[in-house]
Amino acid sequence: MTRKTLVLAILVLAVAAFAAGTWYVSRPITVAKAVPIAREKGEALTRSHSPILGPAEAPVTIVEFFDPACEACRAFYPIVKDIMAEHGASVRVVLRYTPLHGEVSEQAVRILEAARMQGVFEPVLEALLREQPQWARHGASGDLGLLLQIAATAGLDAEAARTQILSPSTVGILNRDRADVKTAGVRGTPTFFVNGRRLDPFGEAELRALVAEEVAASGS
């Protein structure tokens with residue numbers, strides 16, 4: 001190969017490389033589409049045993065993974081209730097047990113499950129949240145007697161509850177919810193999903209906006 005031929009070959013390669021680089025920089029960028037929640041995660045959001053607040057057939061479902069010992073869950077409870085009141089029959093809330101605060105959380109969850117069996121879930125939930133600073137102190141190991149005493153003021157049959165909290169059905173529900181917490185990728189409480197859409201970023205205004213969007217989309 002002559003020197004002239006070699007120089008021409010180098011020039012051709014340089015032009016080709018420049019053209020390829022220009023195309024790479026200016027090529028159209030493909031925007032990723034939003035991916036719906038995976039089927040297995042969607043199935044982990046609600047279960048037939050989960051407590052429901054509001055109309056069972058509401059078109060918009062807020063799923064809250066909550067821990068009764070969680071201060072943020074306590075703070076968000078009146079917010080969630082206000083959202084339900086604002087949208088009436090259009091919104092329901094499904095609560096999923098997420099006892100991340102250790103033994104004290106699990107004791108409270110067991111009592112809530114006994115309350116669900118007895119048909120007094122919501123008043124007992126509100127009593128436990130109201131008195132949360134009393135029984136959910138840092139380092140608390142779970143004073144069953146105190147929790148039962150608080151729940152009894154809201155209508156719980158404490159003696160019946162002592163048996164119900166140890167029943168195989170209660171243990172099975174706790175195990176099922178723990179598995180669903182892991183499947184859904186929940187690492188903190190409260191974590192919200194609205195009609196399968198995870199609330200992200202997290203916040204009161206964001207939750208209100210997402211619920212309003214879903215209510216509007218439902219046509220209700």
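Determine, for each peptide in 154-164, 109-119, the mean count of other beta carbons within 10 angstrom over its residues, then list the peptides with the highest first. Write out the running numbers ahead of the final one.
Details: 154-164: 16.3, 109-119: 21.9.
So the order, starting with the most tightly packed, is 109-119, 154-164.
The order of 153, 170 by accessible area, most exposed first and with a 1.4 Å probe, is 153, 170. Across the protein chains, with a 1.4 Å probe defining accessible surface, the residues 218, 48 rank 48, 218 from largest area downward. Seen through its C-alpha gyration tensor, with square-root eigenvalues sorted a ≥ b ≥ c, the stretch 86-126 comes out oblate because a/c lies at 1.5 or above while a/b is not bigger than b/c. Across the stretch 120-137, computed HN-Hα scalar couplings (Karplus, 6.51 cos²θ - 1.76 cosθ + 1.60, θ = phi - 60°) run 10, 4, 5, x, 5, 4, 5, 5, 5, 5, 4, 9, 3, x, 7, 10, 10, 5 Hz from first to last residue, x flagging Gly and Pro. Sites listed here are chymotrypsin sites (Phe, Trp or Tyr not before Pro) in the stretch 120-214 whose DSSP assignment is loop and whose Cβ has at most 11 other Cβ atoms within 10 Å, and the list is empty.
Find out how many positive minus negative residues lie around residue 126, taking Lys and Arg as positive, Asp and Glu as negative, among other residues whose Cβ is under 15 Å from that of residue 126. Intermediate values should be presented prior to the final figure.
Values: positive: 74, 81, 116, 130; negative: 64, 82, 122, 131.
My count for the surroundings of residue 126 gives 0.
Placing pseudo-labels 7 Å out from each Cα toward the beta carbon at residue 75 and residue 158 gives an inter-label distance of 3.2 nm.
The values are calculated or read from the model by the stated rules, or taken from the named source; none is laboratory data. The model shown is predicted, which means the values in this text are computed figures rather than measured ones. Reconstructed Cβ throughout: ideal geometry from the backbone, glycine too, with neighbour counts over all protein chains shown. Only protein heavy atoms, including side chains, enter the accessible area calculation; ligands, DNA and RNA are left aside. Shrake-Rupley method; radii C 1.70, N 1.55, O 1.52, S 1.80 Å.
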